Ligand code: KG4
Ligand code: ZN
């Protein structure tokens with residue numbers, strides 16, 4: 001099989017992104033361009049993503065972003081083997097905007113179209129960045145998703161654990177808000193936690209020790225609120241101590257839950273168990289959590305694959321890559337493929 005050149009379009013949340021990726025005949029990937037426009041500034045005043053604002057912003061800049069990705073890669077539509085767009089899960093308005101763009105380009109140029117599951121794209125990114133081949137374990141921790149997956153092949157994913165309430169990034173964002181910190185909350189909480197004592201405010205660690213590797217964050221967030229109310233009015237040191245306690249609790253939860261997912265993978269595969277743990281999502285940028293995962297991986301005999309931040313968070317390259325992987329298997333979608341705001345793997 002020859003090389004494939006795929007354009008990827010992503011507009012499922014608050015980044016408008018497009019990229020061109022090349023997949024050679026041996027299955028190795030190369031990013032030729034990766035253009036992202038974040039809508040963070042538009043949403044910041046509201047302390048979260050506003051769907052209507054997101055949809056309008058995607059519509060306004062999609063063509064420019066796609067143009068930029070093609071130009072930066074030095075290719076035209078005629079050179080492409082496939083055009084991939086995120087079809088779900090995500091916010092409907094943005095999904096429709098991205099899908100329509102991709103379909104229109106595919107129709108006009110007669111290029112095969114690929115409707116991509118955003119979660120699948122995150123799960124396959126380690127193949128592009130680190131050359132991982134399945135089976136491997138995957139931890140996805142973003143503002144919208146918290147799950148552990150067993151990646152057994154392209155199109156073959158087993159979800160081991162997921163959150164029963166908030167995503168971890170969402171818990172960081174809500175905790176930041178209730179402590180009067182800015183949006184997005186993850187980096188703010190991490191910064192504040194640096195000067196804090198993680199032991200001053202004891203916090204619960206929901207789900208730790210449970211056999212099923214699921215996550216729960218809502219109780220932890222509520223506990224932070226109760227501690228904050230009891231200590232009000234909060235001085236900077238109180239905020240720092242609460243952030244440090246929260247970050248330590250989340251880190252403990254992640255290590256325990258991923259460790260449990262490792263147990264399950266080992267039960268399934270025996271001696272042929274996965275040797276890699278791949279991480280994706282904005283929360284992977286957290287130093288304490290990343291260090292905790294590094295320690296766990298080492299203790300359990302796994303290698304850790306943490307793609308660069310630009311490929312851990314939402315981007316077009318992961319969509320293009322998932323498209324290339326599917327195209328290599330002969331999988332193509334019809335132009336009638338509708339957006340799927342809910343689309344579990
Ligand atoms: O993957 P991502 O950029 O976007 C999606 O959710 O799709 O993840 C964003 C999330 C936000 O909730 C943000 O607060 C969190 O990742 N985050 C962090 C850190 N940086 C970003 N959480 C903890 N520590 C960080 N340093
Ligand atoms: Zn994402």
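The values are calculated or read from the model by the stated rules, or taken from the named source; none is laboratory data. Small disclaimer: the values here were computed from a predicted structure and weren't measured. Neighbour counts are summed over all protein chains in view; Cβ atoms, including those assigned to glycine, are modelled from backbone coordinates with ideal geometry.
A few remarks follow.
- For segment 143-151, the count of residues that are at pLDDT below 95, crowded, with 24+ Cβ neighbours inside 10 Å and in the same structural domain as residue 278 (by TED's automatic domain parsing) is at least one.
- Applying the criterion of being farther than 11 Å from residue 278 by Cβ and in contact (Cβ under 8 Å) with a residue 24 or more places away in the chain to the residues of segment 292-307, the residue that is nearest to ligand 1 (Cβ to nearest atom) is 292.
- Flag for residue 194 being more than 16 Å from ligand 2 (Cβ to nearest atom), more than 20 Å from residue 281 (Cα to Cα) and in the same structural domain as residue 288 (by TED's automatic domain parsing): yes
- Residue count for segment 189-226 under the criterion of being without any contact (Cβ under 8 Å) to a residue 60 or more places away in the chain and in a loop (DSSP other than H, G, I, E, B): the result is 21.
- Residues that are assigned to a loop (DSSP other than H, G, I, E, B), modelled with pLDDT of 95 or more and within 20 Å of the chain's Cα centre (by Cα), drawn from segment 15-48: 39
- Filtered by the rule that a residue be over 23 Å from residue 41 (Cα atoms) and in contact (Cβ under 8 Å) with a residue 60 or more places away in the chain, segment 53-72 gives a lone residue, 70.
Every residue, every condition in (1) without any contact (Cβ under 8 Å) to a residue 12 or more places away in the chain; (2) within 16 Å of ligand 1 (Cβ to nearest atom); (3) over 17 Å from residue 129 (Cβ atoms), yes or no:
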{"position": "259", "(1), (2), (3)": "no, no, yes"}
{"position": "267", "(1), (2), (3)": "yes, no, yes"}
{"position": "270", "(1), (2), (3)": "yes, no, yes"}
{"position": "283", "(1), (2), (3)": "no, yes, yes"}
{"position": "287", "(1), (2), (3)": "no, yes, yes"}
{"position": "309", "(1), (2), (3)": "no, yes, no"}
{"position": "312", "(1), (2), (3)": "no, yes, no"}
{"position": "330", "(1), (2), (3)": "yes, no, yes"}
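- Scan of segment 287-309 for residues that are surrounded by 17 or more Cβ atoms within 10 Å (Cβ to Cβ) and either at positive phi or within 16 Å of ligand 2 (Cβ to nearest atom) (or both), ordered by number: 306, 307
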